[in-house]
2 protein chains.
Amino acid sequence: MAVLKNDRLLRALLREPVDVTPVWMMRQAGRYLPEYRETRSKAGSFMDLCMNPELACEVTMQPLRRFPLDAAILFSDILTIPDAMGLGLYFAEGEGPRFHHPVQNEAAVKSLGVPDPETDLGYVMDAIRAIRRELKGSVPLIGFSGSPWTLATYMVEGSSSKNFPKIKGMMFGRPDLMHQLLAKTAAAVVLYLNAQISAGAQAVMIFDTWGGVLSPADYRAFSLAYMQRIVEELTRENEGRRVPVILFTKGGGQWLEAMAQSGCDALGVDWTTDLADARKLVGDRVALQGNIDPCILYSSPEQIRAAVGQVLASYGNGSGHVFNLGHGIHPDVNPDHALALVKAVHELSPEYH
Amino acid sequence: MAVLKNDRLLRALLREPVDVTPVWMMRQAGRYLPEYRETRSKAGSFMDLCMNPELACEVTMQPLRRFPLDAAILFSDILTIPDAMGLGLYFAEGEGPRFHHPVQNEAAVKSLGVPDPETDLGYVMDAIRAIRRELKGSVPLIGFSGSPWTLATYMVEGSSSKNFPKIKGMMFGRPDLMHQLLAKTAAAVVLYLNAQISAGAQAVMIFDTWGGVLSPADYRAFSLAYMQRIVEELTRENEGRRVPVILFTKGGGQWLEAMAQSGCDALGVDWTTDLADARKLVGDRVALQGNIDPCILYSSPEQIRAAVGQVLASYGNGSGHVFNLGHGIHPDVNPDHALALVKAVHELSPEYH
């Protein structure tokens with residue numbers, strides 16, 4: 001493997017000194033880029049793109065050619081695991097993900113198998129190996145997975161949801177079954193992320209997109225507990241370096257203290273929490289990643305720059321901050337505005353280091 | 001006006017002693033009730049129902065005939081104000097509210113008028129007067145409005161939204177214009193709620209459904225500041241009693257301390273915050289209303305009862321708690337389960353008083 005030239009991301013995630021605050025953007029490879037839309041149209045469906053290692057590598061690289069980003073993130077979908085479990089993932093145009101075979105009863109939970117990552121999800125591992133070759137050590141590659149709770153919301157509901165009636169029905173009505181499903185999913189995530197690390201992911205992030213719809217007690221029992229189990233079982237060192245683990249619960253601002261005790265290295269924070277407050281809550285236990293409102297990219301480059309300055313100031317002095325959006329970049333954003341954000345982070349952050 | 005027989009709600013909102021914890025449910029008059037669906041089908045459209053004082057009164061009363069609730073809440077929609085401003089509210093089947101004339105530029109903001117409640121929204125005041133006659137002093141009637149920020153999200157987006165690109169574009173790009181729109185909307189809310197109080201509303205609630213999509217600083221500047229302005233200008237006494245004001249920001253758990261300083265009497269709390277933690281944050285400044293996950297109503301009456309017990313225990317001893325769901329009741333809930341919840345609150349709460 002090529003020597004890593006820019007290791008700011010890995011250093012910041014481990015709270016080691018850096019020259020400037022590293023920056024990447026959730027969903028940085030995506031629809032807001034015309035070159036992405038072109039590759040996507042060549043690939044066929046969204047899942048065809050995810051399952052084609054060469055094209056997945058291509059779209060992963062696209063934002064790095066435009067912006068001086070400090071990390072690449074694997075282009076993939078969080079629902080690859082349930083798809084490999086046989087649920088039959090498909091995307092209804094304009095409706096988001098759906099499953100042909102949702103998991104809504106005991107028999108369905110019991111019949112679920114834990115996929116073997118190299119055989120059942122080999123296309124992801126092949127994409128990672130291709131991206132690492134292509135990156136040539138320029139920046140680190142982040143691998144990722146959905147959290148067990150978040151994967152389970154789609155697996156049980158069979159689609160995106162607003163109120164989560166089916167999975168909450170299961171959680172409140174059959175907590176034993178809910179735990180069985182989550183345990184199986186967590187086991188699959190451990191294998192999947194460890195395979196990503198073996199294939200070349202230099203940091204991994206667990207996206208808990210829907211943990212924030214739970215009560216504090218339910219969050220701890222049904223989401224955080226399983227993320228913690230994963231963190232404990234992950235490969236934490238590879239290629240002679242620590243592999244940092246980032247947990248991100250959208251809407252999890254009230255639970256940062258509990259999340260920081262999971263054994264992870266860093267927490268993603270959305271924009272509803274001030275980084276200064278978050279830092280007080282987690283102390284020097286973990287790094288923080290975030291947290292500008294992605295809608296800021298609808299305003300002017302000058303306004304974006306000012307808002308970047310505010311986020312940098314809210315984190316304050318010292319390492320342990322990875323600049324990011326508080327959620328994925330929206331598909332109708334002007335790419336030049338994303339560039340303004342990335343440049344502003346690099347230009348305005350040296351004073352904090 | 002008839003003497004109020006059951007004043008638990010008003011007492012609890014003012015943290016005065018009560019015998020049992022009062023309970024009502026957000027959207028208690030609604031689609032989960034077959035009698036509501038019948039009245040609705042007679043009325044025509046949803047807005048036809050809202051605009052017909054007699055039928056609005058009828059559906060307001062329906063849940064009180066089924067359940068021993070401690071309050072009635074006006075049946076109406078939060079978007080009556082922008083409709084009266086001339087935006088042309090309509091409901092596309094299965095798609096939620098929409099406006100024919102969204103407010104997306106300076107000219108549109110400047111041309112907005114502040115509606116006169118008795119002339120432009122007289123159907124709401126007539127409904128309140130009818131409901132008070134019908135209630136005969138059995139329980140108090142709660143009036144309500146959307147918060148300026150929440151109303152503005154619909155007014156600017158022109159519909160429901162997931163990411164709020166248009167209003168956030170305005171907020172970040174033209175904060176001056178955003179403030180003009182919010183100031184006008186706040187003035188309309190003040191007139192509207194004061195007219196509701198004059199017509200007979202014995203408590204009022206401000207629903208800030210979308211304040212939770214903001215950063216802490218933006219929440220304070222663009223949502224809380226305007227709710228505070230409203231609180232300051234509301235009639236706080238009528239018919240010889242204090243008229244309590246409840247603020248509810250969905251997803252506002254991180255901001256309860258700031259909200260409690262607004263001058264309101266009570267805060268609505270969703271289920272993502274533990275009431276014990278909320279109580280620590282607000283001290284004895286305000287009462288708390290909430291906060292069971294509405295999805296609990298998908299589980300069995302026994303499970304509902306156990307969950308009610310947990311919420312009562314989380315608030316603990318003493319007055320100042322109004323039991324409620326953390327958000328509106330879902331339309332596919334079994335009404336018998338709602339009954340189980342209401343009864344459980346009354347049966348399990350005396351030990352805390």
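The values are calculated or read from the model by the stated rules, or taken from the named source; none is laboratory data. For clarity, every value in this text was computed on a predicted model and none was experimentally measured. Methodologically, a virtual Cβ is constructed for each residue, glycine included, from the backbone with ideal geometry; neighbour enumeration extends over all protein chains shown. Heads up: the accessible areas ignore ligands, DNA and RNA and are worked out on the full protein's heavy atoms, side chains in. Shrake-Rupley method; radii C 1.70, N 1.55, O 1.52, S 1.80 Å.
Below is a table of values for the structure above.
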read-out: Solvent-accessible area per residue, Å², over the stretch B:180-337 with all protein chains present [probe radius 1.4 Å]; value: 31
read-out: Dipole magnitude of chain B about its Cα centre (Cβ charges: Lys, Arg +1; Asp, Glu -1), debye to nearest 20; value: 140
read-out: Folded to 0 to 90 degrees: helix A:148-157 orientation relative to chain A principal axis, Cα; value: 50
read-out: The protein assembly as shown, Cα convex hull volume normalised per residue, Å³; value: 144
read-out: Candidate residues B:His330, A:His101: accessible-area rank, largest first, probe 1.4 Å; value: A:His101, B:His330
read-out: Computed accessible area, A:Arg40, all protein chains, 1.4 angstrom probe, square angstrom; value: 70
read-out: Calculated Rg and Dmax of the stretch A:1-82 using C-alpha coordinates, Å; value: 14.5, 44
read-out: Inter-chain shielding of B:281-293 (mean C-beta neighbours from other protein chains, 10 Å cut-off); value: 1
read-out: Ranked by how many other beta carbons lie within 10 Å on average, peptides A:319-325, A:69-75 from highest; value: A:319-325, A:69-75
read-out: Buried on assembly, the stretch A:141-178 (at least 10 Å² less accessible surface than by itself, 1.4 Å probe); value: A:Asn163, A:Pro165, A:Lys168, A:Gly169, A:Phe172, A:Gly173
read-out: Ratio of Rg to Rh over chain A (Cα coordinates, Kirkwood Rh, two decimals); value: 0.94
read-out: Given charges at beta-carbon only (K, R positive; D, E negative), |dipole| of the stretch A:18-134 in Debye; value: 280
read-out: Calculated [θ] (222 nm, deg cm²/dmol) that DSSP helices of n ≥ 4 give over chain A, each run adding -39,500 (n - 2.57); value: -13000 deg cm²/dmol
read-out: Under 5 Å, built H, 5+ apart or other chain: amide partners of A:Asn291; value: A:Asn324
read-out: Average other protein chain Cβ within 10 Å of Cβ, residues B:267-277; value: 3
read-out: Span from the the stretch A:43-88 Cα centroid across to the the stretch B:151-198 one, whole angstrom; value: 38
read-out: Buried area at the A-B interface (accessible, heavy atoms, 1.4 Å probe, summed, Å²); value: 2100
read-out: Cα-based shape type of the stretch A:69-136, given that a ≥ b ≥ c are square roots of the gyration tensor eigenvalues and the cut on a/c is 1.5; value: oblate
read-out: Compactness index (Cα Rg / 2.2 N^0.38 Å), the stretch B:159-258; value: 1.16
read-out: For the stretch B:1-66, accessible area per residue (1.4 Å probe, heavy atoms of protein chains only), Å²; value: 47
read-out: Debye log10 I(q)/I(0) for the stretch B:81-207, one point scatterer per Cα, at q = 0.12, 0.20 Å⁻¹; value: -0.49, -1.12
read-out: B:Ala108-A:Arg31 pseudo-label distance in nm [points 7 Å out on the Cα-to-Cβ vector]; value: 2.2
read-out: Å² per residue, accessible surface of the stretch A:98-145 at 1.4 Å; value: 44
read-out: 20 Å tail of the calculated P(r), the stretch A:1-146, as % of Cα pairs; value: 54
read-out: Listing of the stretch B:317-353 residues, each with accessible area lower by at least 20 Å² in the full protein assembly than in the chain alone (probe 1.4 Å); value: B:His330
read-out: Separation between Cα centres of the stretch A:217-273 and the stretch B:273-334, rounded to whole Å; value: 28
read-out: Subset of A:Lys166/B:Lys5; A:Lys280/B:Lys162; A:Lys5/B:Lys162; A:Lys42/B:Lys162; B:Lys162/B:Lys184 violating a 32 Å alpha-carbon distance limit; value: A:Lys166/B:Lys5; A:Lys5/B:Lys162
read-out: Shielding of B:213-219 by partner chains, average beta-carbon count, 10 Å; value: 6
read-out: Local net charge near B:Pro335, Cβ-Cβ under 10 Å (Lys/Arg +1, Asp/Glu -1); value: -1
read-out: Options B:Gln261, B:Tyr154, B:Ser76, ranked by Cα towards positive dipole end of chain B, top entry (Cβ charges); value: B:Gln261
read-out: At least 40 Å² accessible surface lost relative to isolated chain, residues of the stretch B:224-261 (1.4 Å probe); value: B:Gln254
read-out: Cα-centred dipole magnitude for the protein assembly as shown, charges only on beta-carbon of K, R (+1) and D, E (-1), debye, nearest 20; value: 260
read-out: Derived scalar couplings ³J(HN,Hα) [the stretch B:333-342; Karplus, 6.51 cos²θ - 1.76 cosθ + 1.60; whole Hz; x for Gly, Pro]; value: 7, 6, x, 4, 6, 5, 4, 4, 5, 4
read-out: Sulfur and carbon atoms: percent of accessible area, the protein assembly as shown [1.4 Å]; value: 49
